[in-house]
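Remarks on the structure that follows.
The values are calculated or read from the model by the stated rules, or taken from the named source; none is laboratory data. Quick caveat, the model's predicted, so the values are computed rather than measured. Note that we place each Cβ from the backbone using ideal geometry, even for glycine, and neighbour counts take in every protein chain shown.
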Amino acid sequence: MSLINNFLLILIFVFLAACSKEELRKSEINEISLDAQVFEAYKDGLESLEAGDVLFAAKKFNEAEILFPQSIWAPKSALMAAYSYYTQDYYLDSIAELKRFIRVYPSHKNLDYAYYLLGICFYEQIIDEKKDTQSILLAKKNFQTVIKKYPNTQYALDSQFKIDLINDTLASKEMYIGRYYFNKKKWIPAINRFRKVVDEYDTTIYVEEALYRLVEVYYTIGLTNESQKYAQILGYNYKSSEWYEKSYSVFNKNYKIKKLKNNRKKSFKDKVKSLFAIDE
């Protein structure tokens, strides 16, 4: 009887071992098949992107990520989906994909690119600096993240360049509003706008005019000492500036800005300068 029992136990063991090997083999086959599907979906996405069908490309990249979220292709696919949308100016879709990428893959090696492309998506939506304030600020925020977290990457240099342009845009807006308040004789709001340019955007092309406007507005309301203080700052930092020369006429109404003594023909350099002159 015990011999029969031992025989049955051996049969059961062999059967279980065979089933285990079969399941392992099926698992391996499924995994290979799944990896092949992921690669095929990614490949289809690339081909569609090259063909200009960005919506189908994004769909295939999303499919590749969903099929095998643990694979190395998943984060690559998520980024490629975002890039696909960006190439045809589907900014909102690209932004949504990039935000999800940052949330799902917080330590991925291409996180610098994700923040950079996010900044670009907001930056390229700036049409009118007087209206698109949110896009301007969000673009600046993401470029600052690139510079702060990834200073030695290829994206940091261009991010700084974009921030300089954004600051020029923001300073331009402050100057526009400041001039408006000045013309309406709303002195305090005008001062606040010009001082903001001096304090926060001192590397922009508008800082010289902002200093001059402060000289002008303080003198207009009778605060001569404050006016002279800003005139001195303007002279110390921008002595050769046209705005510094204009400040003389604030204190001396009879002062005339120097003109060229002869009527010589303007040089090419003079003509180029005149193209970029800031009107009063």
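Observations, loosely collected:
- The condition of being surrounded by 18 or more Cβ atoms within 10 Å (Cβ to Cβ) and free of Cβ contacts under 8 Å to residues at least 60 places away in the same chain holds for only one of Ile188, Ile127, Ile163, Ile177, that being Ile163.
- Counting only helices (runs of 4 or more DSSP H) wholly contained in region 166-280, the ones carrying 3 or more residues that are modelled with pLDDT of 85 or more and of a type in the set (Gly, Ala, Ser) occupy 224-237.
- Of residues in region 193-205 being closer than 17 Å to Thr133 by Cβ and of a type outside the set (Asp, Glu), the one surrounded by the fewest Cβ atoms within 10 Å (Cβ to Cβ): Lys196
- Restricting Asp112, Asp158, Asp128 to residues that are farther than 23 Å from Leu46 by Cβ and over 11 Å from the mean Cα position of the chain (by Cα) narrows the list to Asp128.
- Region 185-215: number of residues that are aromatic (Phe, Trp, Tyr) and more than 24 Å from Phe161 (Cα to Cα): 2
- Residues in region 72-107 that are among the aromatic types (Phe, Trp, Tyr) and surrounded by fewer than 21 Cβ atoms within 10 Å (Cβ to Cβ) were compared, and the one that is farthest from the chain's Cα centre (by Cα) is Trp73.
- Annotation: of all residues in region 130-146 being modelled with pLDDT of 95 or more and surrounded by 20 or more Cβ atoms within 10 Å (Cβ to Cβ), the one that is farthest from Ala57 (Cα to Cα) is Lys140.
- The single residue among Leu98, Leu49, Leu67, Leu92 that is over 20 Å from Lys149 (Cβ atoms), of a type in the set (A, V, I, L, M) and free of Cβ contacts under 8 Å to residues at least 24 places away in the same chain turns out to be Leu92.
- Residue among Lys43, Lys76 that alone is more than 28 Å from Tyr123 (Cα to Cα), of a type in the set (D, E, K, R) and assigned to a helix (DSSP H, G or I): Lys43
- Any hit, region 155-165, residues being of a type in the set (Asp, Glu) and over 20 Å from Ile205 (Cα atoms): no
- Scanning region 108-119 for residues that are surrounded by fewer than 21 Cβ atoms within 10 Å (Cβ to Cβ), not acidic (Asp, Glu) and not in a loop (DSSP other than H, G, I, E, B) turns up Leu111, Tyr113.
- With respect to (1) outside any helix (DSSP H, G or I); (2) touching a helix residue (DSSP H, G or I) at 6+ places or on another chain (Cβ under 6 Å); (3) polar (S, T, N, Q), the lone exception for Thr145 is condition (1).
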